[in-house]
Amino acid sequence: MSMTQQAEPAVGTPPGPGRKESDGRTAERPLVLRMLARPEVGVFLGALAVLVFFLVAAPAVRQGSSMATVLYQSSTIGIMALPVALLMIGGEFDLSSGVAVVSSALTASMLSYQLTLNVWMGVIVALIVSLAIGAFNGWMVVRTGLPSFLVTLGTFLILQGLNLAVTKLVTGNVATDDISDMDGFDQAKKIFASSFDIGGVQVKITVVWWLVFAALATWVLLRTKYGNWIFAVGGNKDSARAVGVPVDFTKITLFMAVGFGAWFVGMHQLFAFNTVQSGEGVGQELIYIAAAVIGGCLLTGGYGSAIGPVFGAFMFGMVNQGIVYAGWNPDWFKAFLGVMLLGAVLINLWVQRTATRR
């Protein structure tokens, strides 16, 4: 008797000892299909393919110092891609995330330098400002019902203009002053921009923070009630509200999480380079969103993971540095990223269809 026939017991025949009762409508799906149904599987395969490709095409990538640089580049993208991914799972976008990183760094730098304060005062105020920007975006979205694309596009333009105008007004230049000799700088640098040695290879602290935040985001999504709320509001906010999910609270806090990520990356940039260029950050929001999409997050919301964007960010870091180590023209970087994005989306689509096929 075949396995299919065994899964269809005769009507009126009770299950024997050790056999599970089945109504014939459900059956255990193969392990491979259940694994393919995970949103991060497609991007893991893609990241593995990109890694193998550059290990062959660029022998310099095989060195420990080169991989440390790749991981560093990946971490600066991945830290922001995580909250952006959670927001996308919740059904929203944030186009202001790139310039918000610079706004945070500018706030901390100018406040500390111009008022000759301990840099930690600037760091704390920058955190408050970043969370306020995120809360404003979330509040506007839930109060007006406007698409988050339009709301955060407006915030993007506002922040871009303020970054340039206020920096020129305060410093007389397009960049902030060097704060490396100010009180508290060394302590802050240890937290946000230090390095440590592993087997003779210098690894940036952002790599550790990236993995810690990824583990935390995964725990929140899969093991907490708030994680269920995120999936619920991204899938259907009206249905979620009908069953008691605090939709407005969830969306606003997700935007604030993006603000927190912008603050953290902004602090890293400030304490890594001691100064901030006010015109930077434009276009980075697309990189963060692309890393989340490559990581398996659907543009329609309600589906995704925190691990997927980790691999998505790694692919960006690998391509960014791999092109340099291979000695290719860096002008092809964006074209390569575009091909990678389309390829990853198509792979994810194929994986999902394969996994759902009975």
Margin query: What whole-number distance in Å separates the alpha-carbon centres of the range 249-298 and the range 153-172?
Written below: 17 Å
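Going from most exposed to least, what order do 251, 237 have by accessible area with a 1.4 Å probe? Intermediate values should be presented prior to the final figure.
Values: 251 10, 237 95 Å².
I get 237, 251, largest accessible area first.
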Check: Could you give the nm distance between label points at residue 273 and residue 56, where each point is 7 Å from its Cα heading toward the beta carbon?
Finding: 3.6 nm
Notebook entry, point to check: Heavy-atom accessible area of residue 40 with all protein chains present, probe 1.4 Å, nearest 10 Å²?
Noted result: 30 Å²
Item checked: the range 192-335 - percent of accessible surface contributed by carbon and sulfur, probe 1.4 Å -> 65 percent
Margin query: Can you tell me the orientation of helix 97-114 relative to the chain, as the angle in degrees between its alpha-carbon axis and the longest Cα principal axis, to the nearest 10?
Written below: 30 degrees
Item checked: 121, 182, 267, ranked by accessible area, largest first (probe 1.4 Å) -> 121, 182, 267
Check: If r is the Cβ-Cβ distance from residue 225 to residue 346 and R0 is 45 Å, what FRET efficiency results, to the nearest 0.05?
Finding: 0.85
Margin query: How tilted is helix 247-273 with respect to the longest principal axis of the chain? Cα atoms for both, answer in degrees (0 to 90, nearest 10).
Written below: 50 degrees
Item checked: Helix 119-144 vs. the chain, principal-axis angle (Cα, 0 to 90°, nearest 10) -> 50 degrees
Checklist line | Pairs of lysine residues in the chain - Cα separation under 21 Å, sequence separation of 8 or more or cross-chain | finding: 5
Notebook entry, point to check: Considering the zone a paramagnetic label at residue 144 would reach in this model (a point 7 Å from Cα along the Cα-to-Cβ line), which residues of the range 158-187 have amide N under 20 Å from it?
Noted result: 158-163
Note to self: If I compute solvent accessible area with a 1.4 Å probe over the protein chains, what percent of it on the range 115-180 is carbon and sulfur?
What the structure shows: 74 percent
Notebook entry, point to check: Counting only the heavy atoms of the protein chains, how much of residue 140 is accessible to a 1.4 Å probe, in Å² to the nearest 10?
Noted result: 50 Å²
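Which value, in Å², gives the accessible area per residue of the range 145-263 when a 1.4 Å probe is used on the protein heavy atoms?
Values: 6280 Å² over 119 residues.
Accessible area per residue: 53 Å².
Give the calculated FRET efficiency between residue 162 and residue 45 to the nearest 0.05, with a Förster radius of 45 Å applied to their Cβ-Cβ distance.
Values: r = 42 Å, r/R0 = 0.93.
According to the calculation, E is roughly 0.60.
Can you give the FRET efficiency for residue 174 and residue 241, using 1/(1 + (r/R0)^6), R0 = 35 Å, r = Cβ-Cβ distance, to the nearest 0.05? Walk me through the numbers on the way to the answer.
Numbers: r = 46 Å, r/R0 = 1.30.
The calculated FRET efficiency here is 0.15.
The values are calculated or read from the model by the stated rules, or taken from the named source; none is laboratory data. Small disclaimer: the values here were computed from a predicted structure and weren't measured. Positions of Cβ are backbone-derived with ideal geometry, glycine not excepted, and every protein chain shown enters the neighbour counts. We work out accessible area using only protein heavy atoms, side chains counted, and drop any ligands, DNA or RNA first. Shrake-Rupley method; radii C 1.70, N 1.55, O 1.52, S 1.80 Å.
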